[in-house]
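Notes for the one structure printed next.
The values are calculated or read from the model by the stated rules, or taken from the named source; none is laboratory data. Treat the numbers as computed from the prediction; the structure is a model and nothing was measured. Glycine also receives a Cβ, built like all others from the backbone with ideal geometry; neighbour counts cover every protein chain displayed. The accessibility values were calculated without ligands, DNA or RNA, using every heavy atom of the protein model including side chains. Shrake-Rupley method; radii C 1.70, N 1.55, O 1.52, S 1.80 Å.
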Amino acid sequence: MVYNIGLLGLGTVGTGTAAILLDPPGRSPLIAALNICRVGVKSLDKPRSVALDPACLTTDLEAIATDPEIDIIVELIGGTERARSLILMAIAAGKHIVTANKAVLARHGDEIFTAAQKAGVYVFLEAAVGGGIPIIQPLKQSLVSNRIQRVTGIINGTTNYILTQMQEAGADFADVLAEAQALGYAEADPTADVDGFDAADKIAILASLAFGGRVRYEDIEREGIRTIGKADINYARQLGFTIKLLAIAQWDQPQNSLHLRVGPTLVSKHHPLASVNGVFNAILVEADPLGQVMFYGPGAGQGATASAVVADLLNLVALLESKGEQPHPMLHCHHDHYAPITPIEAVESRFYVRFLCGDRPGVIGHLGTCFGDAGVSLESIVQIGYQQGEAEVVVVTHDVQEGHFRAALTAIHDFEAVDDIRVATVLRVL
Ligand code: HSE
């Protein structure tokens, strides 16, 4: 069966989503079951980088939301009021929803999920938090045997970029913000990011999944990063901390209640979240009995967010296909062929080799020649020290085919005039 998609919005994420759907080789075979039927846009005349049939495009988004031909609405217009109304309209018309819109879910989730439950349709939202990082599905499925204790996230890339730059360049908030705006990392109106609204939307969603209850947006304590100065960053560093905008949802045991907050926080430089820098996001989940598990990756951007949108679409197709007699296409094993394996000689990697050899003229030159003749480019070659009267020479290669590398080692070994060269260790370098 083919499922017709109505795509609302053809901006950055919409374009990325269409690009994946129009380029299926190497992806899940279920992608063949998805057809972009109609696309809602602001302007019909704008040049597009994806090869969509212009006849699919319309500026009438409401007509898409209610079109009886469409099975799934992908809402990527952002914002709250119009998105809410289009989603509710589509749900009332019996369509499943995939959305990347954290604000509409955090603020109108109660209404949307009640309507979806009543209509018997799914609302999938992997792209709404953490861009391409899988966190919604793990909270819904992989972690369900656990009692979640705390979710701590760096879930706003803009503020993490600003704080990282302040830390690295010793710069002031206002200067870094202006630079981030010039580079396109921060919006012209940065309020949603720097005042913590975006992170609050996202932690509201994560909390309701992790702790199994609806969350009122106004119950989240929220503070942004505008007040953080160079002096705070420096003192924090001297004390062994870094400052991060953390979004926290924590189950308080004695009170049996939830605490939710977003705010700049000192994080020990040894904490796993301390090394999450720049526009990257990470979510640390603490759970019983699992312990700590961290999800890390690109929290925004075209490809990353579209990857999550399309994953939701494919999961939806799998669910719909598994109704009736068919097993769930993603949960049962459907491969009947062996994956082709790359021969080891063709695999590329960097190598570290430690040689033990006589300390005399020409040895390093000989090593370099053998590697060069085999087409192995070297990143470094150094004589480090002595080991029981022999010199130690360490070589690190660039990325090379293993076959070439092994041929060089054989040539080094075979060369009779230098038979006092021995390989002590060979390791791969990541
Ligand atoms: N503005 C968000 C951020 C990305 O800076 O992380 C979209 O959620």
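Summary table
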{"read-out": "Filter result for residue 30 (under 20 Å from residue 303 (Cα atoms) and assigned to a loop (DSSP other than H, G, I, E, B))", "value": "no"}
{"read-out": "Candidates 118, 140 - the one that is surrounded by fewer than 16 Cβ atoms within 10 Å (Cβ to Cβ), assigned by TED's automatic domain parsing to the domain that holds residue 218 and either touching an Asp or Glu at 6+ places or on another chain (Cβ under 7 Å) or part of a helix (DSSP H, G or I) (or both)", "value": "140"}
{"read-out": "Within region 174-196, tally of residues that are crowded, with 20+ Cβ neighbours inside 10 Å and not in a loop (DSSP other than H, G, I, E, B)", "value": "5"}
{"read-out": "Unique residue being in contact (Cβ under 8 Å) with a residue 24 or more places away in the chain and either acidic (Asp, Glu) or not assigned by TED's automatic domain parsing to the domain that holds residue 127 (or both) when the list is 369, 397", "value": "397"}
{"read-out": "Answer from 243, 233, 228 - the residue that is assigned to a loop (DSSP other than H, G, I, E, B), among the hydrophobic types (A, V, I, L, M, F, W, C) and surrounded by 17 or more Cβ atoms within 10 Å (Cβ to Cβ)", "value": "228"}
{"read-out": "Single condition residue 342 does not satisfy, out of (1) polar (S, T, N, Q); (2) open to solvent by less than 70 Å² (accessible area, probe 1.4 Å); (3) without any contact (Cβ under 8 Å) to a residue 24 or more places away in the chain", "value": "(2)"}
{"read-out": "Output for region 165-194, where each listed residue is within 18 Å of residue 236 (Cα to Cα), within 16 Å of the ligand (Cβ to nearest atom) and in contact with a Ser or Thr (Cβ under 9 Å, 6 or more places away or on another chain)", "value": "173"}
{"read-out": "Selection within region 269-288 - assigned to a helix (DSSP H, G or I) and either at positive phi or open to solvent by 10 Å² or more (accessible area, probe 1.4 Å) (or both)", "value": "272, 274, 275"}
{"read-out": "Residue ranges of strands (runs of 3 or more DSSP E) in region 328-430 with at least 3 members among the charged types (D, E, K, R)", "value": "348-357"}
{"read-out": "Total residues in region 119-132, condition aliphatic (A, V, I, L, M) and within 11 Å of the ligand (Cβ to nearest atom)", "value": "3"}
{"read-out": "Hits in region 206-219 (condition: open to solvent by 10 Å² or more (accessible area, probe 1.4 Å) and either in a loop (DSSP other than H, G, I, E, B) or in contact (Cβ under 8 Å) with a residue 60 or more places away in the chain (or both))", "value": "208, 209, 210, 211, 212, 213, 214, 215, 216, 217"}
{"read-out": "Evaluation of residue 405 against (1) open to solvent by 20 Å² or more (accessible area, probe 1.4 Å); (2) within 30 Å of residue 26 (Cβ to Cβ); (3) among the hydrophobic types (A, V, I, L, M, F, W, C) (one fails), failing number", "value": "(1)"}
{"read-out": "Region 80-108, subset of a type outside the set (A, V, I, L, M) and more than 16 Å from the ligand (Cβ to nearest atom), residue farthest from residue 65 (Cα to Cα)", "value": "108"}
{"read-out": "Selection within region 50-79 - open to solvent by 10 Å² or more (accessible area, probe 1.4 Å), touching a residue at least 60 places away in the same chain (Cβ under 8 Å) and either in a strand (DSSP E or B) or away from the ligand (no atom under 16 Å from the Cβ) (or both)", "value": "67, 69, 71"}
{"read-out": "Residue count, region 289-311 (criterion: within 28 Å of residue 33 (Cα to Cα) and away from the ligand (no atom under 16 Å from the Cβ))", "value": "2"}
{"read-out": "Selection status of residue 280, more than 20 Å from residue 144 (Cβ to Cβ), within 16 Å of the ligand (Cβ to nearest atom) and among the aromatic types (Phe, Trp, Tyr)", "value": "yes"}
{"read-out": "Region 1-25 - residue that is surrounded by fewer than 13 Cβ atoms within 10 Å (Cβ to Cβ) and at pLDDT 95 or above and, of those, farthest from residue 131 (Cα to Cα)", "value": "2"}
{"read-out": "Output for region 246-259, where each listed residue is under 28 Å from the mean Cα position of the chain (by Cα) and either open to solvent by 60 Å² or more (accessible area, probe 1.4 Å) or over 16 Å from residue 156 (Cα atoms) (or both)", "value": "250, 251, 258, 259"}
